[in-house]
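Peer 1: Could you have a look at this structure, given as structure tokens, before my questions?
Any read-out appearing in this document is the output of simple, stated calculations on the displayed coordinates, not a laboratory observation. The model shown is predicted, which means the values in this text are computed figures rather than measured ones. Backbone-built Cβ (ideal geometry, glycine too); neighbour counts: all protein chains shown.
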Amino acid sequence: MRISVNDITVSYTDEGTNGAPALIFLHGFPLNKSMWNLQAKALEDDYRIIACDIRGHGNSGSGDQDFSIELFMSDLIALMDALNIRKTALCGLSMGGYIALRAVEDYPERFDALILSDTTCIADTSEAKEKRMKAIESIKKSGMEQYAGESIKNFFADESFTARVDEIAAVREMIVKTPEQSLSRTLLALSVRKETCSKLPAIKIPALILVGKEDKITPPSAAQFMHEKIKGSSLHIIEHAGHLSNLENPGEFNALLKKFMAVYKQTI
């Protein structure tokens, strides 16, 4: 499905039960909404499940504005308004988590539950910024295939390279189909994003924090830090998974998500 918001066309899926509590999924970089297909199938009988392509990714437009986490957040709020969603649960992985944290900070009245997966509240360090700049140069010089190959090395747990061959192929395809310009613009946006750690104690809604045990990009220590700052939050470390825990161990991921959402559903 497609809808015009914030001067771009946003591609999204809207599945599940009309009138049921809504849950919006925000994907990681440089992926798209299809990474949430298994979660949508697991939850669509009991919830309204929406997954959207973030600006410049998947089938959503890029627009002319400089990319930023704040712009991505603005797109999310505009999409919610367009779909008449006053309040929703929100799940973000990696970059999606950055957007979710900013959205809950700036629009706390619009969200009543938060799931943070394989993400962090800290801003990029100088070293991380340098890596992103080198990635931009690598994309220009060597192309998408090489960038995809290098990215995948860090995304998955070691055992996933034999146990999750189809998922790895799907992720590679998502990356190479993302426009080069969108990748560069998003890398710049990620490099200058602001921290959200100082605002974590202000989060008062139910929060679930998930992380792959072998996540090299946003490790369990980052999840533990957020858990300690968000009062009443739950933390689960997912076995047999790296940075893309929802794809690498969907059974455990979905079971934890279902349990959390069932409790949340009783409170609204």
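Peer 1: Rounded to whole Hz and in sequence order, give me ³J(HN,Hα) for the stretch 70-75 from the Karplus expression 6.51 cos²θ - 1.76 cosθ + 1.60, θ = phi - 60°, writing x for Gly and Pro.
Peer 2: 5, 5, 4, 5, 4, 4
Peer 1: Compute the distance from the alpha-carbon center of the stretch 185-211 to that of the stretch 50-94, in whole Å.
Peer 2: Cα centroid to Cα centroid, the span is 15 Å.
Peer 1: Kindly provide the helix-only [θ] at 222 nm of the chain, computed as the sum of -39,500 (n - 2.57) over DSSP H runs of four or more divided by all residues, to the nearest 500 deg cm²/dmol? Spell out each step's value before the answer.
Peer 2: Working: 11 runs with 122 residues, N = 268.
When only DSSP H runs of four or more count, the value is -14000 deg cm²/dmol.
Peer 1: May I pose another question? For Val171, what is the net charge nearby, where nearby means another residue's Cβ is under 14 Å from its Cβ and Lys, Arg count +1, Asp, Glu -1? Mind dumping the intermediate values first?
Peer 2: Numbers: positive: Lys33, Lys153, Arg164, Arg172, Lys177; negative: Asp118, Glu145, Glu150, Asp166, Glu167, Glu173, Glu248.
Here the charged neighbours net out to -2.
Peer 1: Set the bar at 25 Å for Cα to Cα. Now go through Lys141/Lys177; Lys41/Lys129; Lys153/Lys194; Lys199/Lys258 and name every pair that lies beyond it. Before the final figure, lay out the partial values.
Peer 2: On the way: Lys141/Lys177 17 Å; Lys41/Lys129 36 Å; Lys153/Lys194 27 Å; Lys199/Lys258 27 Å.
Violating the 25 Å Cα-Cα cut-off are Lys41/Lys129; Lys153/Lys194; Lys199/Lys258.
Peer 1: Which one of Ser182, Ile203, Val171 is farthest out on the positive end of the charge dipole of the stretch 149-223, using unit charges on Cβ (Lys, Arg +1; Asp, Glu -1) and the Cα centre as origin?
Peer 2: Towards the positive end, the residue furthest out is Ile203.
Peer 1: What are the residues whose amide H is under 5 Å from the amide H of Gly16, where those residues sit 5 or more places off or on another chain and H is modelled from the backbone?
Peer 2: Hits under the 5 Å cutoff: Ile49.
Peer 1: Right, here's the next one. Report ³J(HN,Hα) in whole Hz for each residue of the stretch 227-233, in order, from the Karplus equation J = 6.51 cos²θ - 1.76 cosθ + 1.60 where θ = phi - 60°; Gly and Pro get x.
Peer 2: Result, rounded to whole Hz: 4, 5, 8, 9, 4, x, 6.
Peer 1: In whole Hz and in residue order, list the ³J(HN,Hα) couplings for the stretch 169-176 that follow from phi through the Karplus curve 6.51 cos²θ - 1.76 cosθ + 1.60, θ = phi - 60°; x for Gly and Pro.
Peer 2: Whole-Hz 3J(HN,Hα) from phi for the stretch 169-176: 5, 5, 5, 4, 5, 4, 5, 5.
Peer 1: Output the lone cysteines of the chain: those with no second cysteine's C-beta under 4.7 Å from their C-beta.
Peer 2: Cys with no partner Cβ under 4.7 Å: Cys52, Cys91.
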